[in-house]
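The values are calculated or read from the model by the stated rules, or taken from the named source; none is laboratory data. Not measured: the values here are computed from a predicted model. Note: ideal-geometry Cβ built from the backbone for every residue, glycine included; neighbour counts use all protein chains shown. For the accessible areas, the whole protein counts, side chains as well, though only heavy atoms, and no ligand, DNA or RNA atoms are used. Shrake-Rupley method; radii C 1.70, N 1.55, O 1.52, S 1.80 Å.
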Amino acid sequence: MRVAGRLASEVLEMIGGHVRPGISTGELDRLCHEYIVRKQQAIPAPLNYKGFPKSICTSVNHVVCHGIPGDRRLRDGDILNIDVTVLKDRYHGDTSKMFLVGKVLRRARRLVEAAYECLLRGMDAARPGHSLRAVGAAIQAYADAQRFSVVRDFCGHGIGSNFHEAPSVLHYRNRGPDLILEPGMTFTIEPMLNAGSHEVKLLADGWTAVTRDRSLSAQWEHTLLITTDYPEILTRRTEERF
Ligand code: MF3
Ligand code: CO
Ligand code: CO
């Protein structure tokens, strides 16, 4: 899991240098695909996963998640999520980050920063002996305070030799199963925050989830390992200090 997590984080570090106005999401997908397959000798887990046609997800502006890379070129002012999942030696690492393209409006930047803070607070709540519910409660409390909404139709997930497995990691206050966290558990936290309503709808391609009111959406994701204290963030990037 540590190896797979590190590889996934390195894909995001690599692709950051290519994110700029004019490049298409399809070109970003091809660069990540080649890097994962050739350099990392690993497998991009999204490709052909339940029929998903590409190797990464690229979600621009009002796209909440699972955007399919294609001809869409990035423009000045866009916010973009790139979600990478690498399968290496039978284990998965899953992580995503937001990129600001050129000069981005303050409101969009605030949304992106709030979504990151939600991820940090969710990770901080993921301690042994705590209920998994503490994660969603921490995320929702910060999103509420910032007047952003939390997407409810997608969640984090257990991860390991399966891309997605139990438990579901809800990013909002909930009365789901009261799972007590224990050292050794691995799961993702991947909050999606919307500038408007939490409601999403699925486009006709069967994958692309967008905000129903076309407001902006932002998401960050890490894969983490529960330890005896603060979790080990398996997909931490060098730019991150925790
Ligand atoms: N990486 C996404 C997640 O965080 C899942 C993508 S599924 C795909 O769980 F098929 F769209 F790739
Ligand atoms: Co995930
Ligand atoms: Co992901």
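Just a few scattered comments:
- All positions within region 79-118 that are in contact with a Pro (Cβ under 8 Å, 6 or more places away or on another chain) and more than 12 Å from ligand 3 (Cβ to nearest atom): LEU87, VAL101, GLY102, ALA115, CYS118
- Of all residue pairs spaced 6 or more apart or on separate chains, none has beta-carbon atoms under 8 Å together with a first member in region 105-129 that is in contact (Cβ under 8 Å) with a residue 24 or more places away in the chain and more than 12 Å from GLN219 (Cα to Cα) and a second member that is open to solvent by 50 Å² or more (accessible area, probe 1.4 Å) and of a type in the set (Lys, Arg).
- Among the residues listed as PRO21, PRO44, PRO53, the single one being within 16 Å of ligand 2 (Cβ to nearest atom), modelled with pLDDT of 95 or more and farther than 19 Å from GLN219 by Cα: PRO44
- On the stretch given as region 184-200, residues that are part of a loop (DSSP other than H, G, I, E, B) and open to solvent by less than 80 Å² (accessible area, probe 1.4 Å) total 8.
- Top-ranked residue in region 201-217 [being open to solvent by 20 Å² or more (accessible area, probe 1.4 Å) and part of a strand (DSSP E or B); ranked as farthest from LYS54 (Cα to Cα)]: LYS201
- Filter result for SER55 (at negative phi, free of Cβ contacts under 8 Å to residues at least 40 places away in the same chain and open to solvent by less than 10 Å² (accessible area, probe 1.4 Å)): yes
- Residue among LEU100, LEU120, LEU80, LEU87 that is of a type in the set (A, V, I, L, M, F, W, C), open to solvent by less than 30 Å² (accessible area, probe 1.4 Å) and under 17 Å from the mean Cα position of the chain (by Cα): LEU80
- Picking from residues in region 63-77 that are more than 14 Å from ASP29 (Cα to Cα) and surrounded by fewer than 20 Cβ atoms within 10 Å (Cβ to Cβ), the one that is nearest to ligand 1 (Cβ to nearest atom) is ARG75.
- In region 171-180, residue nearest to HIS222 (Cα to Cα) [restricted to those that are more than 16 Å from ligand 3 (Cβ to nearest atom) and surrounded by 14 or more Cβ atoms within 10 Å (Cβ to Cβ)]: TYR172
- Any chance LEU12 is open to solvent by less than 10 Å² (accessible area, probe 1.4 Å) and closer than 23 Å to TRP207 by Cα: yes
- The combined condition, being in contact with a Ser or Thr (Cβ under 7 Å, 6 or more places away or on another chain) and more than 16 Å from ligand 2 (Cβ to nearest atom), is fulfilled by ALA195.
- With respect to (1) open to solvent by 70 Å² or more (accessible area, probe 1.4 Å); (2) touching a residue at least 12 places away in the same chain (Cβ under 8 Å); (3) of a type in the set (Asp, Glu), the lone exception for GLU165 is condition (2).
- Qualifying residue in region 26-48 (condition: in contact (Cβ under 8 Å) with a residue 24 or more places away in the chain, open to solvent by less than 20 Å² (accessible area, probe 1.4 Å), near ligand 1 (Cβ under 9 Å from one of its atoms) and closer than 16 Å to ALA209 by Cβ): yes
- Failed item, numbered, when GLY22 is tested on (1) part of a loop (DSSP other than H, G, I, E, B); (2) open to solvent by 60 Å² or more (accessible area, probe 1.4 Å): (2)
- For first residues located in region 214-239 and closer than 13 Å to LEU119 by Cα, partners that are open to solvent by 50 Å² or more (accessible area, probe 1.4 Å) and in a strand (DSSP E or B) and lie 6+ apart or on another chain with Cβ distances below 8 Å form the pairs LEU224/GLU232.
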